[in-house]
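The values are calculated or read from the model by the stated rules, or taken from the named source; none is laboratory data. What you see is a predicted model; the values in this text were computed from it and never measured. Note that we place each Cβ from the backbone using ideal geometry, even for glycine, and neighbour counts take in every protein chain shown.
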Amino acid sequence: MSKITYLDYNATTPIDDRVLDVMLPYFKEKYANPSSKYRFAMDIAADVEKARTIIANCLGASKSEEIIFTASATESVNHAIRGTLKTHPDKKHIITTAVEHPAVLDTCKDLERDGYKVTFLPVNNKGELSIDDFTNAITKDTAIISIMHANNETGVVFPIDKLSKIAKQENPDVIFHTDATQSIGKIKIDMNKEYNNIDLLSMSGHKIYAPKGVGILFARTGSRLRKFITGGHHEFNKRAGTLNVPLIIGMAKAFQILDEELKEKKQEKLSVLISRIEEEISKKIPYITINGKGAQRLSNTTNISFDCIEGESILFQLDKLGFCISSGSACTSGSLEPSHVLRAMQVPITSAHSSLRISLGRFTKEEEVAAFIETLPTIISRLREISPFWDKKNNKPNDKAIQYSCQS
Ligand code: PLP
């Protein structure tokens, strides 16, 4: 394969070698089923419990039993939302936001078809929620509130610590769930300190340098949750299915590494690189918008719209040169619809169609960022030259572009 410049860490991360190394014995010699009752298996069960304790400590959980291993963040989200609703059959209201990942959004839309009333909270043009809108949406009938911590497309961070506190003040019975898939490892989360009003949290291994196919549902002691995957009595009778031991062991190692990195403030290096991208691209390319600018954002993510061209054509040109970048989220990028997140932020349709999400991570090198900054302006100006919305002579959008944009 020719040279790859990977700038899409929000889509997935490579497995860290240190994670892979601790997993390998569990693919080979340590293969017993941890539910079996002989020493060979019980030693492996003990290793799983050690892994659970490591993760519980990293998240500030009070007990290791609060960590349930799943197969993905999507499964954790479904378990959290559907499992809560099943144990609160008298309540029919859900609150979420218009900018959630499809894991939450589509689950809520599906529940709407089953008769639930869902409030999809809007965001402003920076991608932020209104605290008043949020507070006013909570009623006695609200069973669960599901609000993501950090947005996968823009990196905008919601103040879930404050929101969950308000939620409990307004309605002490309400259950607060957060999809923290993009924030784990980028923001320190302590479920026993400022995040102590959050009942349920979902996350995924493949965003934190562990493998795909493993997730976690944090369920605070006392949370009433109907089982989502039924069968055996695994995971304290909360999630059935033989434990995926190598992936669980890998997940714990990934958490340990993240914890060290958070202590060493390694994320700051990424924020320097993201600022460099935003400053240089703003200088070199006219008619761009940095989506979410001015809001609290993850240090590794930027989302930029380029007026008058299609995001897909930029991606295609970048891909030919080995750059891996997304337009919108990986899960929705198969669709030609503009991103629901940018539309919710009232980004004009012409810009929403042309957005690139650049997300950096542990192995991003300065030279890669420099190469991206060097390459992009030529691609954009070539595409604008052939765009029906670009005034080539004056190097600005033409009247058609303004008209089209206004129609949005
Ligand atoms: N939630 C967010 C915010 C995400 O970014 C993703 C993955 O892109 C998911 C949920 C789904 O994660 P998984 O692939 O583990 O199901």
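Listed conditions (1) within 20 Å of Pro14 (Cα to Cα); (2) at pLDDT below 95 are all met by Arg224, apart from (1). Residues being modelled with pLDDT of 95 or more and either farther than 24 Å from Gly361 by Cβ or among the aromatic types (Phe, Trp, Tyr) (or both) are entirely absent from segment 256-265. Among the residues that make up segment 191-202, is at least one of them under 14 Å from the mean Cα position of the chain (by Cα), in contact (Cβ under 8 Å) with a residue 12 or more places away in the chain and within 14 Å of the ligand (Cβ to nearest atom)? The answer is yes, given that some residue of segment 191-202 is under 14 Å from the mean Cα position of the chain (by Cα), in contact (Cβ under 8 Å) with a residue 12 or more places away in the chain and within 14 Å of the ligand (Cβ to nearest atom).
Being surrounded by fewer than 16 Cβ atoms within 10 Å (Cβ to Cβ) and either in contact (Cβ under 8 Å) with a residue 12 or more places away in the chain or assigned to a loop (DSSP other than H, G, I, E, B) (or both) is a condition met by at least one residue of segment 56-63. Checking each residue of segment 32-41 against the condition of being in the same structural domain as Asp179 (by TED's automatic domain parsing), surrounded by 15 or more Cβ atoms within 10 Å (Cβ to Cβ), more than 16 Å from the ligand (Cβ to nearest atom) and assigned to a helix (DSSP H, G or I) gives at least one match.
Please find, among Thr74, Thr135, the residue that is more than 16 Å from the ligand (Cβ to nearest atom) and in a helix (DSSP H, G or I).
Answer to the check: Thr135.
One residue stands out in segment 1-31 among those that are buried (at least 19 other Cβ atoms within 10 Å of the Cβ) and hydroxyl-bearing (Ser, Thr, Tyr): the one that is farthest from Gly205 (Cα to Cα), namely Thr5. Examine segment 80-95 for a residue that is within 16 Å of the ligand (Cβ to nearest atom), in the same structural domain as Phe218 (by TED's automatic domain parsing) and within 30 Å of Leu270 (Cα to Cα), and state whether such a residue exists. No, because not a single residue in segment 80-95 is within 16 Å of the ligand (Cβ to nearest atom), in the same structural domain as Phe218 (by TED's automatic domain parsing) and within 30 Å of Leu270 (Cα to Cα).
One line per residue, one yes/no per condition, for (1) within 14 Å of the ligand (Cβ to nearest atom); (2) in contact with a Phe, Trp or Tyr (Cβ under 9 Å, 6 or more places away or on another chain); (3) farther than 15 Å from Arg52 by Cβ; (4) of a type outside the set (Phe, Trp, Tyr):
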position	(1), (2), (3), (4)
Gly205	yes, no, no, yes
Leu225	no, no, yes, yes
Phe236	no, no, no, no
Asn244	yes, yes, no, yes
Ile249	no, yes, no, yes
Glu280	no, no, yes, yes
Tyr287	no, yes, yes, no
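For the condition within 14 Å of the ligand (Cβ to nearest atom), in contact with a strand residue (DSSP E or B) (Cβ under 9 Å, 6 or more places away or on another chain) and not charged (D, E, K, R), Gln182 qualifies. Within segment 6-29, residues that are farther than 17 Å from Lys186 by Cβ and within 15 Å of the ligand (Cβ to nearest atom) reach partners that are part of a loop (DSSP other than H, G, I, E, B) and hydroxyl-bearing (Ser, Thr, Tyr) with beta carbons closer than 7 Å, at six or more positions or on different chains, in the pairs Ile15/Tyr209.
Taking Thr53, is it in a helix (DSSP H, G or I), surrounded by fewer than 17 Cβ atoms within 10 Å (Cβ to Cβ) and either in contact with a helix residue (DSSP H, G or I) (Cβ under 6 Å, 6 or more places away or on another chain) or at pLDDT below 95 (or both)? Against the criterion (in a helix (DSSP H, G or I), surrounded by fewer than 17 Cβ atoms within 10 Å (Cβ to Cβ) and either in contact with a helix residue (DSSP H, G or I) (Cβ under 6 Å, 6 or more places away or on another chain) or at pLDDT below 95 (or both)), Thr53 qualifies.
Would you please list the contacts, defined by Cβ atoms under 6 Å and residues six or more apart or on different chains, that run from a residue in segment 148-176 that is farther than 30 Å from Ile274 by Cβ to a residue that is among the small types (Gly, Ala, Ser)? The qualifying pairs are Val174/Ala167. Quick one: is Val118 away from the ligand (no atom under 11 Å from the Cβ), closer than 24 Å to Gly294 by Cα and not in a helix (DSSP H, G or I)? Judged against the criteria, Val118 is not a match. In segment 339-350, the residues that are among the small types (Gly, Ala, Ser) reach residues that are in a helix (DSSP H, G or I) with C-beta atoms within less than 9 angstrom, at least six apart or across chains, in these pairs: Ser339/Gly311; Ser339/Ala352.
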